[in-house]
Amino acid sequence: MNPKVGDSLPERRHTVGNVQLMLYNAALWNGHRIHFDEPYAKDVEGYPGLVVAGPLIGDWLNQCVEVWLGDAGTLTRIEYSNRAASYVGDVIIVGGTVTAVEGNEVTVEVTARNEAGDVLAPGVASARLSA
């Protein structure tokens with residue numbers, strides 16, 4: 001692997017279903033009802049549907065970088081910020097762009113967005129390439 005500034009990571013598309021969302025939040029012990037109780041999410045909290053958990057989007061950003069790296073390196077750090085909600089059934093697209101390469105250290109700007117192009121979660125990942 002010989003990454004260069006401006007290289008794009010392959011985009012990955014994800015669509016969450018009710019069961020996947022419930023199981024993910026159960027594994028995290030996240031009992032917030034907006035992730036599994038649709039009447040509550042809609043009628044009490046005012047969302048249009050079940051809300052995709054922010055950490056799941058972060059995991060997808062992480063996976064995007066790790067799949068791109070393969071055996072050529074190791075993800076050493078990732079930071080992201082959830083900026084907008086997404087809902088069960090939405091397509092979430094994750095990807096990234098290499099912004100710096102210094103020796104065997106690579107910095108990647110990562111982004112999760114919806115199909116309309118709205119940014120859901122921007123972030124930055126760092127990786128160390130194998131020698």
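Values for this structure:
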item	result
Bins of 10 Å from zero: percent of alpha-carbon pairs in region 69-130	22, 44, 25, 8, 0
Accessible surface, per residue, of the chain when the full set of protein chains is kept, probe 1.4 Å, Å²	55
For S8, net neighbour charge (Lys/Arg +1, Asp/Glu -1) across residues whose Cβ lies under 14 Å away	0
Crossing angle, helix 54-69 versus the chain [Cα axis fit, 0-90 degrees, rounded to tens]	30
For the chain, built as a Gaussian network whose Cα springs stay under 10 Å, the top-fluctuating residue of T99, T111, T76	T76
Computed label-point distance, nm, for sites V91 and V44 using a 7 Å Cα→Cβ extension	3.4
Only Lys, Arg (+1) and Asp, Glu (-1) charged, at Cβ; the chain dipole about Cα centre in debye	80
Computed label-point distance, nm, for sites T76 and N114 using a 7 Å Cα→Cβ extension	3.6
Given charges at Cβ of Lys, Arg, Asp, Glu: region 19-109 dipole, positive-most of A53, L75, G103	A53
Sorted largest first, extent of region 45-93 alpha carbons per principal axis (Å)	45, 19, 11
Exposure rank, largest accessible area first [H32, H14; 1.4 Å]	H32, H14
Nearest-10 value in Å² for the accessible area of R77, using the 1.4 Å probe	140
Helix 18-27 vs. the chain, principal-axis angle (Cα, 0 to 90°, nearest 10)	70
Given the chain, longest segment not containing exposed loop GluC sites (Glu not before Pro) (DSSP; at most 13 other Cβ within 10 Å)	46-114
Heavy-atom accessible surface of the chain: percent carbon and sulfur, 1.4 Å	49
Per residue, the convex hull volume that the Cα atoms of the chain enclose (Å³)	102
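The values are calculated or read from the model by the stated rules, or taken from the named source; none is laboratory data. From a predicted model like this one, the values you see are computed outputs, not experimental measurements. All Cβ positions, even for glycine, are placed from backbone atoms using ideal geometry, and neighbour counts span all protein chains on display. With ligands, DNA and RNA removed, areas are computed over all heavy atoms of the protein, side chains included. Shrake-Rupley method; radii C 1.70, N 1.55, O 1.52, S 1.80 Å.
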